[in-house]
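Trainee: Below you will find the structure I want to go over with you.
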Amino acid sequence: MSVEKELRRTVKDLLEEGGIDLFIGWERGSLPTVASPLFITDPVDAERLIFDITCGSNPAVYFTKDRRQFDGRRVGVVLKGCDSRSMVLYIKEKQADRENVVMVGAQCNGVLDRGKVASAAGGREILELEDDGEKTVTLKGRDYEIAVERDSILSSSCLSCIHPDALECDHFIGEPRQSVTREQRLREVREFEALSSTERWERTRHEYEKCIRCYACRNVCPSCYCAVCFVDQNDPPWIGGTCEFTDSMIFHLVRNLHVAGRCVECGACARACPMDIDLLLLNRKVAMEVLERFNDEAGMDITAKPAMADFKEDEKQDFIMG
Amino acid sequence: MVKLKKNELDRLICRLAGSYDVYAPVDIDGNVEFARVSSAEDMDQSRTVTNLSPKEIFFPKDEVLFEYDADGIRPADSMDRPIAVWGIRSCDTKSLMLLDKVFGSAIQMPKEERFQDPYWKKRYDGALLFGAACAEPLSTCFCNWFGGGPFATEGMDVHVTDIGDAFLLNPVTPRGEDYLESLDFTAEVSESDRKAAAEIAGSAEAVMSPPVPIDGLDQLLPGLFLQEEVWGEVSAACINCGACTFVCPTCHCFDMQDEGRNEKGRRLRVWDSCMFPIFTSEASGHNPRSLSRHRVRQRVMHKYSYYPVNYGEYLCTGCGRCITVCPVNVDIRRTLLKLMTHDGEDG
């Protein structure tokens with residue numbers, strides 16, 4: 001049975017048998033490259049569900065802030081591996097109640113990076129997209145059809161994903177997938193670390209100079225749910241509002257540190273960025289620091305205390321003592 | 001109408017650059033946006049709709065209004081050359097006309113109190129706009145909902161059609177006509193050139209989906225204002241990122257910020273967005289638009305009700321950028337259809 005078919009059946013059962021009141025999934029969007037979140041309460045609507053390369057955003061965000069519209073109800077949600085790590089994080093951070101969430105993991109073959117797919121099509125409009133789920137994605141437009149290698153248009157977060165299979169799930173649909181090795185995951189970070197400090201500075205500057213301060217990255221990020229974000233405080237203001245490099249950089253670096261030990265590397269930020277900023281690079285670098293110092297990876301272990309909420313006597317303290 | 005051979009485009013751009021700051025679509029790291037050019041080689045004219053709108057040429061993302069120190073207040077460096085834009089589409093020239101109603105004439109004010117924004121006016125009033133016809137409209141283009149079309153000329157000084165080996169330059173305003181008359185390297189337009197342009201126009205029109213009539217939407221919306229459920233429905237997927245408002249050619253809300261310390265500082269105007277919670281956060285701590293659905297409602301009401309009430313037309317030109325950029329596929333066309341067909345009953 002295909003993943004989508006089984007997903008629809010599972011969700012229909014969950015809604016019919018009284019297991020859940022609401023299910024959060026995806027339906028085909030108005031564009032071929034991006035799916036639309038679907039909130040269903042009627043089992044009949046389970047037929048609209050899809051789960052594929054276009055389901056790029058992280059649906060965990062609908063559990064926090066005023067995006068959460070279902071208090072008191074039992075909610076089901078379809079999860080990629082990274083999405084499930086966000087849910088685990090939420091459960092640990094008391095943002096979601098494990099009893100009232102039904103976690104439906106589905107086989108994830110990676111999601112599209114819209115910037116990469118647009119370049120693959122040479123800037124021409126994509127009107128149809130067919131994915132064989134293995135090696136090739138076919139893009140069709142008004143007067144062209146091209147086959148591109150799947151890996152070349154996947155989000156970079158997927159290419160270095162350490163856990164494509166959802167964790168902690170109550171239902172899992174499809175076949176488990178292999179994750180990349182630790183070295184593959186670290187490659188980009190290691191390359192970055194190998195640069196001289198001037199080169200690292202230039203690389204960072206090159207990325208953050210593109211920022212237009214729309215905060216799409218912050219809003220799609222499941223780990224960004226402060227009741228009042230520091231950029232939304234103006235008495236006194238914590239940060240200037242311009243797109244000058246210093247202001248943009250402060251925004252990104254503070255966000256980067258706020259999600260230290262909490263970023264699940266889902267890459268939703270980078271995919272949402274209208275300016276195609278490589279937002280993952282520093283997040284990954286910080287995730288590596290957390291792993292090496294505190295032996296913790298965000299959202300991987302539901303029983304472990306979050307890295308930033310825990311202290312062990314034997315953890316590295318060289319950053320304090322110099 | 002005159003003809004400009006493609007190999008003469010660079011000559012035109014260089015000539016323009018002699019007396020204007022010239023802007024055109026440029027590929028910057030894969031994103032196409034309007035930037036300063038000094039020759040035709042800098043340009044990327046392949047996109048029907050650029051990633052960012054050209055509004056920032058006239059209404060920058062951030063702008064220093066004045067600086068001050070112990071010696072007094074100084075206006076920020078003001079540009080002394082007028083602006084020329086090459087390759088701007090009709091949805092974007094129309095949007096500049098809409099913004100001009102706000103910044104250039106503020107018609108909702110009594111005549112004696114009308115304030116004209118000098119920062120906007122110094123850029124827009126003397127600008128020379130070479131608009132580009134759209135030979136290949138996108139599936140997200142819906143300019144025809146608002147009376148536009150791939151060959152519309154509203155807001156342009158010169159309308160430019162690419163006929164393969166040459167551009168046909170058609171003056172729209174006296175300013176455009178004067179400029180074309182001053183050129184000594186254009187050619188006459190032949191009957192076959194006209195025919196080629198007409199064919200391109202015909203096939204571009206044919207690609208567009210028929211417009212959806214939204215007459216009366218501005219009158220309908222105030223009645224839906226308090227119907228929380230419908231706003232909840234249209235905003236359910238929205239995560240309130242501001243991307244749509246930042247790429248929009250007509251969104252123009254801004255914030256004033258003062259940066260200063262020790263007798264020295266500056267006042268800035270920066271883009272703001274109704275998607276952000278701080279947008280209407282009040283000094284008391286109360287926020288009348290604390291919920292996502294209220295912020296989405298504001299965006300819809302401003303474009304399709306408040307602005308039309310004040311200025312007589314919708315604050316949207318159907319460029320489709322908000323559709324393309326949205327990470328969760330909130331499609332404004334679907335939102336409008338949903339609101340148009342709402343039965344008016346809550347629940």
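The values are calculated or read from the model by the stated rules, or taken from the named source; none is laboratory data. In this text the structure is predicted, and so the values were computed from the model without any measurement. Glycine gets a Cβ as well: all are built from the backbone with ideal geometry, and neighbour counts include every protein chain shown. Note: accessible area is taken over every heavy atom of the protein model, side chains too, but ligands, DNA and RNA are not part of it. Shrake-Rupley method; radii C 1.70, N 1.55, O 1.52, S 1.80 Å.
Every residue, every condition in (1) polar (S, T, N, Q); (2) over 30 Å from A:Pro222 (Cβ atoms); (3) at pLDDT below 95; (4) surrounded by fewer than 17 Cβ atoms within 10 Å (Cβ to Cβ), yes or no:
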position	(1), (2), (3), (4)
B:Glu181	no, yes, no, yes
B:Lys195	no, yes, no, yes
B:Ala198	no, yes, no, yes
B:Ala201	no, yes, no, no
B:Leu224	no, yes, no, no
B:Cys244	no, no, no, no
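Trainee: Starting from residues that are in a loop (DSSP other than H, G, I, E, B), of a type outside the set (S, T, N, Q) and open to solvent by 20 Å² or more (accessible area, probe 1.4 Å), keep the ones in the stretch B:36-62 and report whichever is nearest to A:Arg213 (Cα to Cα).
Mentor: The residue in question is B:Lys61.
Trainee: Does A:Ala147 fit the bill of being open to solvent by 10 Å² or more (accessible area, probe 1.4 Å) and modelled with pLDDT under 95?
Mentor: In short, no.
Let's see how each residue does on (1) in the same structural domain as A:Gly261 (by TED's automatic domain parsing); (2) farther than 12 Å from A:Glu168 by Cα; (3) surrounded by fewer than 19 Cβ atoms within 10 Å (Cβ to Cβ):
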position	(1), (2), (3)
A:Val75	yes, yes, no
A:Lys80	yes, no, no
A:Ser86	yes, no, no
A:Lys94	yes, yes, yes
A:Asp97	yes, yes, yes
A:Leu127	no, yes, yes
A:Asp131	no, yes, yes
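Residue-wise test of (1) under 28 Å from A:Val228 (Cα atoms); (2) away from chain B (no Cβ under 14 Å); (3) modelled with pLDDT under 95.
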position: A:Leu31; (1), (2), (3): no, no, no
position: A:Thr54; (1), (2), (3): no, no, no
position: A:Ala60; (1), (2), (3): yes, no, no
position: A:Phe70; (1), (2), (3): yes, no, yes
position: A:Cys82; (1), (2), (3): yes, yes, no
position: A:Ala96; (1), (2), (3): yes, yes, yes
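Trainee: Now for a different question. Give me the pairs, please: first residue somewhere in the stretch A:205-218 and more than 8 Å from every other protein chain (Cβ to nearest Cβ), second residue anywhere and of a type in the set (Phe, Trp, Tyr) and in a helix (DSSP H, G or I), beta-carbon distance under 6 Å, and either six or more positions apart or on two chains.
Mentor: The qualifying pairs are A:Glu209/A:Phe245.
Trainee: Okay, next question. Return yes or no: is B:Leu315 in contact (Cβ under 8 Å) with a residue 24 or more places away in the chain, within 24 Å of the chain's Cα centre (by Cα) and within 9 Å of chain A (Cβ to nearest Cβ)?
Mentor: In short, no.
Trainee: Moving on. For B:Thr140, indicate whether it is away from chain A (no Cβ under 14 Å), buried (at least 19 other Cβ atoms within 10 Å of the Cβ), assigned to a loop (DSSP other than H, G, I, E, B) and hydroxyl-bearing (Ser, Thr, Tyr).
Mentor: No.
Trainee: OK, next. Restricting to the stretch A:173-186, name every residue that is more than 19 Å from the chain's Cα centre (by Cα), open to solvent by less than 80 Å² (accessible area, probe 1.4 Å) and closer than 26 Å to A:Glu6 by Cβ.
Mentor: A:Ile173, A:Gly174
Trainee: Turning to a different aspect of this structure: From the residues in the stretch B:242-282 that are of a type in the set (Val, Ile, Thr) and in contact with a Phe, Trp or Tyr (Cβ under 9 Å, 6 or more places away or on another chain), which one is farthest from the other protein chains (Cβ to nearest Cβ)?
Mentor: Within the stretch B:242-282, the match that is farthest from the other protein chains (Cβ to nearest Cβ) is B:Thr250.
Trainee: In the set A:Ser160, A:Ser223, which member is within 14 Å of chain B (Cβ to nearest Cβ) and in contact (Cβ under 8 Å) with a residue 60 or more places away in the chain?
Mentor: Of A:Ser160, A:Ser223, the one residue that is within 14 Å of chain B (Cβ to nearest Cβ) and in contact (Cβ under 8 Å) with a residue 60 or more places away in the chain is A:Ser223.
Trainee: What number of residues in the stretch B:63-99 are open to solvent by less than 40 Å² (accessible area, probe 1.4 Å) and not β-branched (Val, Ile, Thr)?
Mentor: Residues flagged as open to solvent by less than 40 Å² (accessible area, probe 1.4 Å) and not β-branched (Val, Ile, Thr) within the stretch B:63-99 amount to 16.
Trainee: Name the single residue that is modelled with the lowest pLDDT among those in the stretch A:226-243 being of a type outside the set (S, T, N, Q) and surrounded by fewer than 16 Cβ atoms within 10 Å (Cβ to Cβ).
Mentor: By that ranking, first place goes to A:Asp235.
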